[in-house]
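Structure first, then comments.
The values are calculated or read from the model by the stated rules, or taken from the named source; none is laboratory data. This structure is a prediction, so every number in the text was calculated from the model and none was measured. FYI the Cβ positions are ideal-geometry reconstructions off the backbone, even for glycines, and counts take in every protein chain you see. Accessible surface areas use protein heavy atoms only, side chains included; no ligands, DNA or RNA. Shrake-Rupley method; radii C 1.70, N 1.55, O 1.52, S 1.80 Å.
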Amino acid sequence: MRPLYLDHAATTPLDPEVRAAMLSWLGERFGNPSSVHGHGRQARAAVDEARDRVAAAAGCAAREVTFTSGGTEADNLAVRGVLERWGPERGRHLVVSAVEHEAVLATAEALAGAGLAELTVVGCDRSGRVDPAEVAAAVRPDTVLVCVMLANNEVGTVEDVASIAGAARARNPRALVHTDAVQGLGRLPLGLDVLGVDLISLSAHKAHGPQGVGALVARHGVFPAAQLTGGGQERGRRSGTENVAGIAGFGVAAELAERRREADVAMLVKLAGRLTNLLTPIPGVEPTGDLTRRLPGLCSFVVAGCRSDLLLAVLDELGVCASAGSACSSGAPVPSHVLAAMGFGELAGCALRLALGRSTTEEDVDAAAARVERAVTRIRLAGRAGAAAAG
Ligand code: PLP
C-alpha cells in the first residue's frame, strides 16, 4: 500500500534546493560567523543573506529578524522577553488566546504560576475564532503583551490578527502584539504591517526547511530582553554560535515559500476541499475549525466513537501518516486543549488532522479518504464487538 504523508502541519520534507544550500555548510564550507578570517566572513555572509531572504518573506526589515532554534524558542523569547524588557515600565499583564500553541500558552501559564505575570486567557467560538472585541475587553492599562496566533495548527482557523491588534491597541496603545505565524509561512501573507503586530514567530520546518531553526521578527525598537546570554550573537538578542547550515536552509525555504505561495495555496485549497467533501458524509465525522478562514491544506475533524490514538494507529497500519492535532512529544493521548476551548467536550479526544502539502495529489486525497473510512469502520465494529462481548 502506498504510504501517504498527510502530516505537513507537524513537519514538511526538506526541499531539494534547501538541502543543496545546507549541504555545502555540512561539507566543504565551515566557519564561525563571529570569526574575522575568511571562513568566518563566508559564514557571516551566508547568515546575512538568509536574514535578507527571511525578512523579505516575513514582511520586515532584515535587522528585525533574530534567528532562533525554532518556533518554540521564538514564542518563548517573545513572551518571556517582552515581559522582562517592558514589564517593569508597562505592566505585567498578559493576554493570550485559549487556542495558542503550548509554546505560548504553557509559557504564559508558567510565568503566571511563578507570580511573574498576571494572565487573562481569551476564549474562542466553536469554529476557533477569537473575537477582537473580547480581546479588547481583556486588555488593561497594565497589559504588556497580547498573543493571538495567525493560523491554528490543530484546526486550521485563521484569526483576524489585524483586527485583534487594532482593537487591543485602541484600548492600550502601549500593549505589544505578538502572533505565532509558524503555520503561516508559505500559506498566508505575512508582515509586521500587514498583520499590524509587533512580533512574529516563524519556524523553518513547517515550510520545507530544516528542523531546529526559526526566527522571531520584532519591530525595530521593541525587541524583547535576550533569554540566552553569552557571546552576544544576533546583536546581543540571542547568544550562541549560529546554526549556519540551518539558517542558510531557512533562508532558501522562506524565499521558495513566498515565491510559490500563490500556486501552492490554489492547489492546497482545491485538494483540501475535495478531502473534506469526501469525509464529511461518513456518519459521525464533523469538520472542525472555520471552513471559510482556513489554513490552506489543513483538514481537521472529530470522529465520533473513534479515540484519536486508536484512529491514528489504524491509519498508520493503513499507510496514512496523520495526527490528532498537535505533535505530542510523549505520544500519550491528551485531549486537545484547542477543541476543548471550542466546546467539543468529550469529542476533543476524537480529533483527526490531515494536513496536505506541496507533493499531495488528487489520487492521494482519494486514497486517504478511502483509508480513513476503512479505519473508522474497523474501530467502530471492534467497539461494538467489544461492547457485545462485555454485555
Ligand atoms: N507554534 C505553532 C503554531 C506550531 O505549529 C509549532 C510546531 O508544532 C510551534 C509553534 C513550534 O515550532 P518548533 O517545532 O519550530 O519549535
| said: With an 8 Å Cα cut-off and a minimum separation of 6 or more residues, compute the relative contact order for the chain in percent. | reply: 22 percent
| task | Jot down the per residue volume, in cubic angstrom and as a whole number, of the convex hull over the alpha-carbon atoms of region 297-377. | result | 94 Å³
| query | For residue 110 and residue 381, what is the calculated FRET efficiency with R₀ set at 56 Å and r taken between the beta-carbons, to the nearest 0.05? | reply | 0.80
| request: Give the value in nm², to one decimal: projected area of the alpha carbon convex hull of region 79-206, averaged over all directions. | output: 7.2 nm²
| How big is the Rg/Rh ratio for region 226-383, C-alpha atoms only, Rh by Kirkwood, two decimals? | 1.08
| Given a Förster distance of 25 angstrom, what is the FRET efficiency for residue 20 paired with residue 370, based on the Cβ-Cβ distance and rounded to 0.05? | 0.10
| query | Whose amide H sits under 5 Å from the amide H of residue 320, counting only residues 5 or more places off or on another chain, with H placed in the peptide plane? | reply | 4
| message | Given a 1.4 angstrom probe, what's the average accessible area per residue across the chain, in square angstrom? | response | 40 Å²
| task | In square nanometres and to one decimal, what's the mean projected area of the convex hull around the Cα atoms of region 106-173? | result | 4.7 nm²
| Per the Debye formula with a single identical scatterer at each Cα and no solvent contribution, what log10 I(q)/I(0) holds for region 83-127 at q = 0.18, 0.22 Å⁻¹? | -0.53, -0.74
| said: Give me the three principal axis extents of region 1-69 from the C-alpha atoms, as integers in angstrom, largest value leading. | reply: 54, 32, 19
| task | Mind jotting down the distance between the C-alpha centroids of region 233-284 and region 1-67, whole Å? | result | 14 Å
| How much length, in nm to one decimal, is gained on full extension between residue 293 and residue 222, taken as 0.36 nm per residue of separation minus their Cα-Cα distance? | 22.6 nm
| message | Can you compute the modelled spin-label distance between residue 62 and residue 118, with each label point 7 Å from Cα toward Cβ, in nm? | response | 4.3 nm
| field | Volume in Å³ per residue [convex hull over Cα atoms, computed for region 65-154] | value | 102 Å³
| field | Amide H partners (placed H, <5 Å) of residue 203, local residues excluded | value | 215
| request: Per DSSP H run of n ≥ 4, the term is -39500 (n - 2.57); total these for the chain, divide by its residue number, and report the mean residue ellipticity at 222 nm rounded to 500 deg cm²/dmol. | output: -13500 deg cm²/dmol
| message | Take residue 34 and residue 102, extend 7 Å from each Cα along the Cα→Cβ direction, and tell me the distance between the two endpoints in nm. | response | 3.2 nm
| note | The ³J(HN,Hα) series, computed from each phi in region 49-60 with the Karplus coefficients 6.51, -1.76 and 1.60 at θ = phi - 60°, rounded to the nearest Hz and given as x for glycine or proline, is 5, 5, 4, 4, 5, 5, 4, 5, 6, 9, x, 8
| remark: Here the Kirkwood hydrodynamic radius of region 1-116, Cα-based and in Å, equals 17.7 Å
| said: What is the percent carbon and sulfur in the accessible area of region 21-121, measuring with a 1.4 Å probe over the protein chains and ignoring ligands? | reply: 53 percent
| request: Give me the compactness ratio for region 197-242, meaning the Cα radius of gyration over 2.2 N^0.38 Å. | output: 1.25
| note | With R₀ set to 35 angstrom, the calculated FRET efficiency between the beta-carbons of residue 340 and residue 265, to the nearest 0.05, is 0.75
| Share of region 172-292's accessible area from carbon and sulfur, percent, 1.4 Å? | 54 percent
| Can you give the Rg and Dmax of the chain based on its C-alpha atoms, in angstrom? | 21.5, 77
